[in-house]
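The structure appears below as structure tokens.
The values are calculated or read from the model by the stated rules, or taken from the named source; none is laboratory data. Because the structure is a prediction, the values reported are computed rather than measured. Reconstructed Cβ throughout: ideal geometry from the backbone, glycine too, with neighbour counts over all protein chains shown.
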Amino acid sequence: MIVRRHTAAVVLVLLSVAPIAAFGAVEGDPDVIVFYREGCNDCRHMDAVLDELTAVYPELRVAHVEESEPGAADLMWTLAGEYGIFPTAFPVIFVGDRSFVGVGRDKEILLRSAVQFCVFNDCDTPLSRLESKPIPWMTILLAIAGAMVAALLLFA
């Protein structure tokens with residue numbers, strides 16, 4: 001009985017800490033970061049625009065981050081704060097010193113312009129605005145909750 005409780009507690013602790021290790025929604029130094037939601041038609045529309053741009057500029061590095069990936073929401077909101085925006089729709093796109101929320105012909109034209117500017121002027125990656133990695137608050141809270149449940153199982 002005690003072994004079963006210890007095993008369950010260890011499993012719960014490992015499961016609660018695993019998302020912290022998976023934090024890091026973006027690999028490398030992309031030129032464009034796109035936060036999207038699965039099944040989002042607006043996201044598909046802007047992806048088509050980005051696909052056209054990557055065909056013209058093959059050196060363009062685009063990172064797509066699905067909103068439910070571990071650390072994605074923390075990164076998106078941290079970048080949004082750095083860019084001074086409040087994301088109210090998807091996709092949320094960061095390029096150089098510009099950001100775009102949602103879809104529209106105006107955003108499509110401005111996105112093309114921002115990408116072209118960055119290709120020819122070697123803009124910094126949007127991640128360069130972060131002094132350090134964003135703090136994964138939701139993941140930390142889940143880890144604490146998991147540790148508390150594990151402690152209750154151990155000492156109950």
For this session: For region 130-153, name all the residues that are at pLDDT 85 or above and surrounded by 14 or more Cβ atoms within 10 Å (Cβ to Cβ).
Result: G146, A147, V149, A150, L153
For this session: Please enumerate the residues belonging to region 89-111 that are over 24 Å from D122 (Cβ atoms) and over 15 Å from the mean Cα position of the chain (by Cα).
Result: G102, V103, G104, R105, D106
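Right, G71: farther than 22 Å from S113 by Cβ, in the same structural domain as L127 (by TED's automatic domain parsing) and under 13 Å from the mean Cα position of the chain (by Cα) or not?
On the way: farther than 22 Å from S113 by Cβ: yes; in the same structural domain as L127 (by TED's automatic domain parsing): yes; under 13 Å from the mean Cα position of the chain (by Cα): yes.
For G71, the condition - farther than 22 Å from S113 by Cβ, in the same structural domain as L127 (by TED's automatic domain parsing) and under 13 Å from the mean Cα position of the chain (by Cα) - is met.
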Problem set entry | Residue in region 104-132 that is farthest from S68 (Cα to Cα), counting only those that are out of contact with any Pro (no Cβ under 7 Å at 6 or more places or on another chain) and not in a helix (DSSP H, G or I) | D122
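For every residue, the table says whether it meets (1) buried (at least 18 other Cβ atoms within 10 Å of the Cβ); (2) at pLDDT 95 or above; (3) out of contact with any strand residue (DSSP E or B) (no Cβ under 7 Å at 6 or more places or on another chain); (4) not assigned by TED's automatic domain parsing to the domain that holds D29.
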residue: C43; (1), (2), (3), (4): yes, no, no, no
residue: E59; (1), (2), (3), (4): no, no, yes, no
residue: L79; (1), (2), (3), (4): yes, no, no, no
residue: F86; (1), (2), (3), (4): no, no, yes, no
residue: V92; (1), (2), (3), (4): yes, yes, no, no
residue: G96; (1), (2), (3), (4): yes, no, yes, no
residue: V103; (1), (2), (3), (4): yes, no, yes, no
residue: C118; (1), (2), (3), (4): yes, no, no, no
residue: N121; (1), (2), (3), (4): no, no, yes, no
Exercise. Are any of the residues in region 59-77 under 19 Å from L110 (Cβ atoms) and hydroxyl-bearing (S, T, Y)?
Worked result: no
